[in-house]
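Worksheet: the structure to be examined is printed underneath.
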Amino acid sequence: MSLEIIPTGAAVGAEIRGVDLSQPIQAVDFETIENAFNEHGVIFFRGQTLTPAQQLDFTQRLGDLAFNTFGESRGLPDHPGIVVISNVLQNGREIGIRRAGDAWHSDMCY
């Protein structure tokens, strides 16, 4: 299957179909993904199932990670580069940052 870039029609954003991010990505396909990111500013990959290591591997291909300060307290164990943003409670405890973005951005704009 070839990559399909579907712009959202909004000021930014595109959905990318036809790639399994858990598998190695050929250089030509990654270049297409990177170009879509540069053109649209935000890209979406629906229905992906990635391990934390696979997610970090993919994102690091786009550039160096700037670790979010929440990673120190709310990052995944052994993967502080991934911060869980969730409103789910397990055993009465938050599994992530429940109110991220309520008072300010959660996208590292600082």
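The values are calculated or read from the model by the stated rules, or taken from the named source; none is laboratory data. Small disclaimer: the values here were computed from a predicted structure and weren't measured. Don't worry about glycine lacking a Cβ; one is built from the backbone with ideal geometry, like all the others, and counts go over all protein chains shown. Keep in mind that these areas ignore ligands, DNA and RNA; they rest on the heavy atoms of the full protein, side chains included. Shrake-Rupley method; radii C 1.70, N 1.55, O 1.52, S 1.80 Å.
Odds and ends about this structure:
- Within the stretch 9-34, the set of residues being free of Cβ contacts under 8 Å to residues at least 24 places away in the same chain and more than 14 Å from T59 (Cα to Cα) comprises G9, A10, A11, G18, Q26, A27, V28.
- Every residue from the stretch 27-83 that is of a type in the set (S, T, Y), more than 15 Å from the chain's Cα centre (by Cα) and open to solvent by 60 Å² or more (accessible area, probe 1.4 Å): T69, S73
- Per this entry, Q55 is counted among residues that are within 24 Å of V12 (Cα to Cα), in contact (Cβ under 8 Å) with a residue 24 or more places away in the chain and of a type outside the set (G, A, S).
- Residues in the stretch 9-26 that are more than 13 Å from the chain's Cα centre (by Cα) and among the charged types (D, E, K, R) were compared, and the one that is most open to solvent (accessible area, probe 1.4 Å) is R17.
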